[in-house]
């Protein structure tokens with residue numbers, strides 16, 4: 001059985017040591033980790049195109065902070081994580 005290595009402790013250590021961190025993933029859940037020292041790049045089309053999330057970009061794109069992103073994900077749910085979310089809350093319904 002393969003072991004999963006959690007990314008969060010490594011990111012926390014790197015930030016504590018004053019490193020700037022870039023996380024590259026296809027998992028949008030990681031957007032919540034963005035801050036002044038952490039950029040989260042989410043793949044848009046396979047591995048050829050990425051969208052770089054910073055707190056400023058998240059505010060510009062979605063009008064929310066990284067902390068609010070956690071709440072949004074909880075309300076919207078996440079099929080890949082088997083979290084149902086609230087009815088009528090989602091990408092298509094948010095405007």
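Quick notes on this structure:
- Candidate set: the stretch 12-34, residues that are assigned to a helix (DSSP H, G or I) and touching a strand residue (DSSP E or B) at 6+ places or on another chain (Cβ under 9 Å); chosen: the one surrounded by the most Cβ atoms within 10 Å (Cβ to Cβ): 31
- Selected residue (criterion: nearest to the chain's Cα centre (by Cα)) from residues of the stretch 84-93 that are surrounded by 13 or more Cβ atoms within 10 Å (Cβ to Cβ) and modelled with pLDDT under 75: 90
- Residues in the stretch 58-84 that are within 18 Å of residue 38 (Cβ to Cβ) and touching a residue at least 24 places away in the same chain (Cβ under 8 Å): 58, 66, 67, 69, 70, 73.
- The lone exception for residue 37 - which of (1) farther than 20 Å from residue 14 by Cβ; (2) in contact with a helix residue (DSSP H, G or I) (Cβ under 7 Å, 6 or more places away or on another chain); (3) at pLDDT 85 or above; (4) surrounded by fewer than 16 Cβ atoms within 10 Å (Cβ to Cβ) it fails: (1)
- When the residues of the stretch 48-83 are filtered to those that are part of a loop (DSSP other than H, G, I, E, B) and over 13 Å from the mean Cα position of the chain (by Cα), the one that is surrounded by the most Cβ atoms within 10 Å (Cβ to Cβ) is 77.
The values are calculated or read from the model by the stated rules, or taken from the named source; none is laboratory data. Bear in mind that the values here come from a model prediction, so they are computed numbers and not experimental data. Methodologically, a virtual Cβ is constructed for each residue, glycine included, from the backbone with ideal geometry; neighbour enumeration extends over all protein chains shown.
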